Amino acid sequence: MNSPTKITVIGLGYLGATHAAAMAELGFDVLGLDIVPEKIQKLARGHAPIYEPGLDELLGRHVAGLPGSSGRLSFTTSFADLAAFGDVHFVCVNTPQRPGEYACDMSYVDAAVEALAPHLDRPTLVVGKSTVPVGSAARLARRVAELAPAGAEAELAWNPEFLREGFAVEDTLSPDRIVAGVTGERAEATLREVYATPIAAGTPFLVTDLPTAELVKSAANAFLSTKISFINAMAEICEAADGDVVRLAEALGHDDRIGKKFLRAGIGFGGGCLPKDIRALMARAGELGAAEAVSFLREIDAINMRRRAAMVELTRESLGGSLLGKRVAVLGAAFKPDSDDVRDSPALNIAGQLHLQGAQVTVYDPKAVENARRVFPTLAYASSAVEAAQSADAVLHLTEWREFREIDPAAMGEVVGERRILDGRNTLDPELWRKSGWTYRALGRPTA
Ligand code: UGA
């Protein structure tokens, strides 16, 4: 490979669209591929298929054909075009949980490799970024060499991605570490060239074998899930013992071996990553005969799911023991703020459970209403927090968008039926709400 300046990205979702735009920002010519033509059409107009802060601006700077753009980023649906164009091919397709199983669905990754490899007729590097069960990279490396006309000159590396939704652009341009799982020096050199800018800026570049690289990602998400469920388990104890989990977390966080981050107690973790990644790790460990090593993750998962049920129960109890016919306003549908992603969203899941148990639920989210409506068409949706709160018997704060922290409790108090606020994210100020005559309740702080 002479000059690996040409990069391709397969799969243009949260991961791929951001990676493609970031690679163009770093100065590379990039060709992105997705099998969904509508996604390509949208991207070609400079619009991300998802809501992600800063991504549309980045696309606007680089998508070919847009006024004033660098022209470095274009799109295709053809694998033949992709192979002809690129020296380094990033695989960024998703690996969702298989319906009814813990294991993840590798069919998109497999299909991408099967479609690309037969066109690889010169020295190339295929780089996996998707989160996969350990052992996949070695299998895919063999498959690439088998199918590619270039044979062993078509190599595969694994380079897991650690970006957070809501911070995807920032995390991709300045990652906190780069992990390169490789089988040879050439692949390492290529990846060092691709990431020369962040490396020069001080980002640690860690070279590992293929299985370790795959495992870094699974382990990171397992650790983060464990941290969240740990504090949520402490919230359950606080509920039983009249403690305050927010103060507890604050006090724990001052120990820098523990740290403050990911100790926010509430309705727990959701999204397209943490829940399915811990389940996929359990499934893979089982296949490897190491199930016992991660059996604790079953408990992490159970604690997490219990928090959703606890929020439903807190609502029922606050409403005097029955949800039937009660009007409930739900603030938030996305699994976290600054995202329109509702995959396995605790907020939407709770809204759905309340609705199924007889409450009249109206949901508002700054960005995720359209996606939520597709998943739960039977819920009512509002176009503002105040509209959702009209005549409500209880207002539930379930995704901690900044605009919800800025709500004026006095103004909202004018439109509700009852001034009852239930904070599922522990980010509202109880005193502020109480001053305006609201009853404030939260998970894990019965006395707050
Ligand atoms: C997560 C990881 O943080 C990323 O490093 C990783 O790259 C990504 O998964 C992935 O595998 O692709 P993300 O799903 O965007 O990123 O969201 P997080 O910020 O990790 O939050 C996950 C969930 O945990 C959210 O529902 C959030 O509300 C919840 N959470 C987070 C808490 O309940 N408490 C906390 O203290 C932190």
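Sort 46-55, 145-154 for me by packing, meaning the mean count of neighbouring Cβ atoms within 10 Å per residue, highest on top. Mind dumping the intermediate values first?
Working: 46-55: 19.3, 145-154: 16.7.
Result, highest mean first: 46-55, 145-154.
If I fit a long axis through the Cα atoms of helix 274-287 and take the longest principal axis of the Cα atoms of the chain, what angle between them do I get, 0 to 90°, rounded to 10?
60
List the residues whose amide H sits under 5 Å from the amide H of residue 442, counting only those 5 or more places along or on another chain, with H placed 1.01 Å from N in the peptide plane.
Residues meeting the criterion, in which the H sits 1.01 Å from N, are 423.
Helix 107-116 versus the longest principal axis of the chain: what angle, 0 to 90°, nearest 10, using Cα atoms?
20
Relative contact order for the stretch 218-301: what percent, with Cα pairs under 8 Å and sequence separation of 6 or more?
Working: 79 pairs, mean separation 30.3, N = 84.
Dividing the mean separation by the residue count of the stretch 218-301 yields 36 percent.
Based solely on its DSSP helices, what 222 nm [θ] is calculated for the chain when runs of n ≥ 4 H residues each add -39,500 (n - 2.57) and the sum is averaged over all residues, nearest 500 deg cm²/dmol?
Numbers: 19 runs with 196 residues, N = 448.
Calculated from helices alone, the mean residue ellipticity at 222 nm is -13000 deg cm²/dmol.
What residues have an amide H closer than 5 Å to that of residue 179, excluding those fewer than 5 places away on the same chain, when H is modeled at 1.01 Å from N in the peptide plane?
206
State, as an integer percentage, the relative contact order of the stretch 6-208 based on alpha-carbon contacts under 8 Å between residues 6 or more apart. List each step's numbers first, then the result.
Numbers: 412 pairs, mean separation 37.2, N = 203.
Averaging sequence separation for qualifying contacts and normalising by length gives 18 percent for the stretch 6-208.
Run down the aspartates and glutamates and flag those whose C-alpha is under 18 Å from the C-alpha of residue 435, throwing out any fewer than 8 positions away in its chain.
406, 408, 414, 418, 423
Using the alpha-carbon atoms, what tilt in degrees (0 to 90, nearest 10) does helix 185-194 show relative to the longest principal axis of the chain?
Result, in degrees: 60.
Of 332, 198, 263, whose Cα points farthest to the positive end of the dipole of the chain (charges on the beta-carbon: +1 Lys, Arg; -1 Asp, Glu; origin at the Cα centre)?
Sorting the options by dipole projection puts first 332.
Between residue 89 and residues 5 or more places away or on another chain, which pairs have amide H atoms under 5 Å apart, with H built 1.01 Å from N, and which residues are they?
8, 125, 126, 127
Go through the stretch 334-346 residue by residue and turn each phi into a ³J(HN,Hα) via Karplus (6.51, -1.76, 1.60, θ = phi - 60°); whole Hz please, and just put x for glycine and proline.
Each residue of the stretch 334-346 in turn: 5, 6, 7, x, 6, 8, 9, 7, 10, 4, 6, 7, x Hz.
Within the chain, what is the longest stretch that has no trypsin sites (Lys or Arg not before Pro) placed in a DSSP loop and near at most 13 other beta-carbon atoms within 10 Å? Don't jump to the answer; show the numbers that get you there.
On the way: sites that count: 45, 177, 257, 260, 261.
Counting at most 13 other Cβ atoms within 10 Å as exposed, the longest clean stretch of the chain is 262-448.
Straight-line reach only, C-alpha to C-alpha below 12 angstrom: list the aspartates and glutamates that residue 367 could link to, leaving out same-chain residues fewer than 8 apart.
Cross-link targets: 52, 338, 340, 341, 403.
Give me the percent of DSSP beta bridges within the chain that run antiparallel, rounded to the nearest 5.
Counting only bridges with both partners in the chain, antiparallel ones make up about 5 percent.
Could you work out how much longer the chain between residue 208 and residue 237 gets when fully extended? Use 0.36 nm per residue separation minus the Cα distance between them, nm to one decimal.
Details: separation 29, 0.36 × 29 = 10.44 nm, distance 4.06 nm.
Here the answer is 6.4 nm.
Each reported figure results from applying straightforward, stated rules to the coordinates on display, with no laboratory input. Predicted, not measured: the structure shown is a model, and the values here were computed from it. All Cβ positions, glycine included, derive from the backbone under ideal geometry; neighbour counts span all protein chains shown.
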